[in-house]
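This report refers to the structure that appears directly beneath it.
Just so it is clear, none of the values below were taken in a lab; they were calculated from the coordinates. Just so it is clear, the structure is predicted and the values come from calculations on it, not from any experiment. Here Cβ is always computed from backbone atoms with ideal geometry, including for glycine, and neighbour counts include all displayed protein chains.
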Amino acid sequence: MRLGELNVSDETALTQTRAAGRQSVVVAICTRNRPQLLRSCLESVLGLVVPPRVQPCIVVVENDALPTCRCYVESCMREAPEPWKIVYGHEPNLGIPLARNLSVEIALGEDPDWIAFIDDDEVVDHQWLERMIGAAHELDCDVLQGPVEYSYQGALPEWFDTKETKQRRRGERLRTAYTNNLFMKSRVVRADGLALRFDEAMRFSGGSDSDFFFRAVDGGASICWVDDAFVREIVAAQRVSITWQWMRALRVAANAATIHKKRRGPLAAWIRYLPKSLMRLLRGAGQMVCGVMVFLPSSALGKKWLVRGGKDAASGIGSIIGLLGLTPQPYKTVD
C-alpha cells in the first residue's frame, strides 16, 4: 500500500468516540511540489477551532515521484495540538484524481462521518470547521460547498478582472461542486453508499472533481451552498497573465463539454455546446475588435476588452476541442 500512517488509529478509542456520539471529520489535502504553500495550509488547518464532540484528522497525500514533504508532515504530526491526528500518503503516479482517490482510501480507514477537501494553496478561516459542522446539522445535504476568496500577490495589471465570490443564498442547491472548499458525507464514497471515485482518465485535464460531483447528483446525492465557511486561495503570480487566463478559459470549456458528453452522450453534448461555442466565438471576436478601436484613446479599457474577448474566444474553441475529444492536459506541470 502506498502510504505511511502517522499516529496509527486506535480501534478502542474509535469505538468510544462513536458511543459518545462524537463525529469524525477527515480533512484531505493533496499536494505536489509546493512546500511553502502546504506549510501555510497545514498551519491554518491546525489552527482551526474544533467544535465539541468532533474528532478531527488531516490526510496529506503527496502526488510526486519522491515523498519529499513526508519529513515536514511528520514534524507537523509531532507538534500537532490535541485533538488533531495526521496521516500521510504518497501517490507516486502523477495525476490529481489518483491523489484524490488515495486520499479517499486513507480517509475511509479512519471511519469518518465527514470527508473534507481543500487545496494546498489555500488557508482556512479559523471558524471554517465550526461553520461546516453547523451547516451539516442545519442543512439536509450530502455535500457542502463553501466560498473561496482570492489573495493576489503584488500589483495587478490594469486589464485583470479579479475573481469575485459568487453570491448565493445559504442552502442553495448546486448541480456540481469542487474540492477547493468541500465537506461531504462519507457515504458518497463508502462501499455501502454511492462508492464513487474520481475518474483517473482525467489525470492531467482537470475537472475530475466537477465530474465526480455531477455523478454524485446523478446518483441521488444533494449539494448545498454554505455561505460563511471561507477559505482563501493564494493565487500564483504566473496565473495573472493573459496567456494563463486564456488557456484556463479554454480548458474549463473543454472539460465542461467532455463531462457533458460522458454523462449524456455525444449527440446531446454537440446539441448543447456547439451553439454556445459559436456564440462565444462571435462575442469574443466582437469584443476584441472593440478593444482595438478603443486602445489608443484608452489603453486600459482596450486591454480589458481584448482580454475578455480572448477569453470568450478561447472558451468557444475549448468547447469544440472537448466535443472532439481533444481535452488539454495542463496539470502535467505545477505552478
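Using a Gaussian network model on the chain with a 10 Å cutoff between Cα atoms, which of Glu74, Glu149, Glu82 fluctuates the most?
Glu82
Top mean-square fluctuation among Ala269, Ala256, Ala191, Gaussian network model of the chain, C-alpha springs under 10 Å?
Ala191
What lysines sit close enough to Lys85 to cross-link, taking a C-alpha to C-alpha distance under 20 Å and skipping anything fewer than 8 places away on the same chain?
Qualifying lysines at Cα under 20 Å: Lys185.
Place a point 7 Å from the Cα of Ala268 along the Cα-to-Cβ direction; which residues of region 149-185 have their backbone N under 16 Å from it?
Within reach of a label on Ala268, which here means backbone N under 16 Å from a point 7 Å along Cα→Cβ, region 149-185 contributes 175-176.
Quick one: work out Rg over Rh on the C-alpha atoms of region 61-125, Rh as Kirkwood radius.
Ratio of gyration radius to Kirkwood radius: 0.95.
Long-range amide H contacts for Val59: which residues qualify at under 5 Å (H placed 1.01 Å from N, peptide plane, sequence gap of 5 or more or a different chain)?
Result for Val59 returns Val27, Ala28, Ile29, Val87.
Compute the relative contact order of region 26-182 as a whole-number percentage, counting only Cα pairs closer than 8 Å that sit 6 or more residues apart in sequence.
This gives 30 percent for region 26-182.
Along the charge dipole of the chain, Cβ charges K/R +1 and D/E -1, which of Leu42, Pro266, Ala116 sits furthest on the positive end?
The Cα lying farthest towards the positive end belongs to Pro266.
On C-alpha positions alone, give me the angle between the axis of helix 208-218 and the longest principal axis of the chain, in degrees, nearest 10.
For helix 208-218, the angle is close to 80 degrees.
Roughly how many nanometres apart are two label points built 7 Å out from the Cα toward the Cβ at Thr68 and Arg22?
If labels sit at Thr68 and Arg22, their model points lie 3.7 nm apart.
Pull up the DSSP beta bridges for the chain and report the antiparallel fraction as a percent, rounded to 5.
In the chain, approximately 35 percent of DSSP beta bridges are antiparallel ones.
Given C-alpha coordinates of region 242-332, what is the ratio Rg to Rh with the Kirkwood estimate of Rh?
Ratio of gyration radius to Kirkwood radius: 1.08.
In what order do Thr68, Thr31, Thr258 fall by count of nearby beta-carbon atoms within 10 Å, going from fewest to most?
Thr68, Thr31, Thr258
Ratio of Rg to Rh for region 185-303, alpha carbon only, Kirkwood?
A ratio of 1.08.
Relative to the longest principal Cα axis of the chain, at what angle does helix 242-264 sit, 0 to 90 degrees, rounded to 10?
For helix 242-264, the angle is close to 70 degrees.
For Cα pairs less than 8 Å apart in space and 6+ apart in sequence, what is the mean separation divided by the residue count of the chain, i.e. the relative contact order in percent?
18
Helix 70-79 sits at what angle to the longest principal axis of the chain, using alpha carbons and giving 0 to 90 degrees rounded to 10?
Result, in degrees: 50.
Stokes-Einstein at 20 °C, 1.002 mPa s, Kirkwood radius from Cα pairs: D for region 219-260 in µm² s⁻¹?
158
What dipole magnitude, in Debye to the nearest 20, does region 136-272 give about its Cα centre under +1 on Lys/Arg Cβ and -1 on Asp/Glu Cβ?
Taking the Cα centre of region 136-272 as origin, the dipole is about 540 debye.
Would you calculate the volume per residue, in Å³, of the smallest convex hull containing every Cα atom of region 23-115?
82
Can you tell me the relative contact order of region 242-332? Whole percent, Cα pairs under 8 Å, sequence separation 6 or more.
Relative contact order for region 242-332 comes out at 45 percent.
For the chain, modelled as a Gaussian network with Cα springs under 10 Å, which listed residue fluctuates most, Asp227, Asp209, Asp218?
Result for the chain, Cα springs under 10 Å: Asp218 fluctuates most.
Be a star and scan region 154-172 for residues whose amide nitrogen sits under 16 Å from the point 7 Å along the Cα-to-Cβ vector of Ile242.
Flagged as within label range: 157-161.
Check cross-link reach from Lys304 to the aspartates and glutamates: straight Cα distance under 16 Å, and skip same-chain residues fewer than eight apart.
Leaving aside aspartates and glutamates fewer than 8 places away in the same chain, those within reach of Lys304 are Glu158, Asp161, Asp312.
By how many nm would the segment from Asn33 to Gln127 lengthen if fully extended, with 0.36 nm per residue of separation less the alpha-carbon distance?
Answer, rounded to one decimal: 31.0 nm.
Kirkwood hydrodynamic radius (Cα pairs, Å) of region 245-294?
That comes to 12.1 Å for region 245-294.
Would you mind pulling out the separation of the Cα centroids of region 160-229 and region 265-335, in Å?
Here the two parts' Cα centres lie 25 Å apart.
Once you put a point 7 Å from the Cα of Glu149 and another 7 Å from the Cα of Gln329, both along the Cβ direction, what distance in nm separates them?
Here the answer is 3.9 nm between the modelled labels.
Thinking of the chain as a set of Cα atoms, what percent of all their pairs are more than 39 Å apart?
Counting pairs separated by more than 39 Å, the tail of P(r) holds 17 percent.
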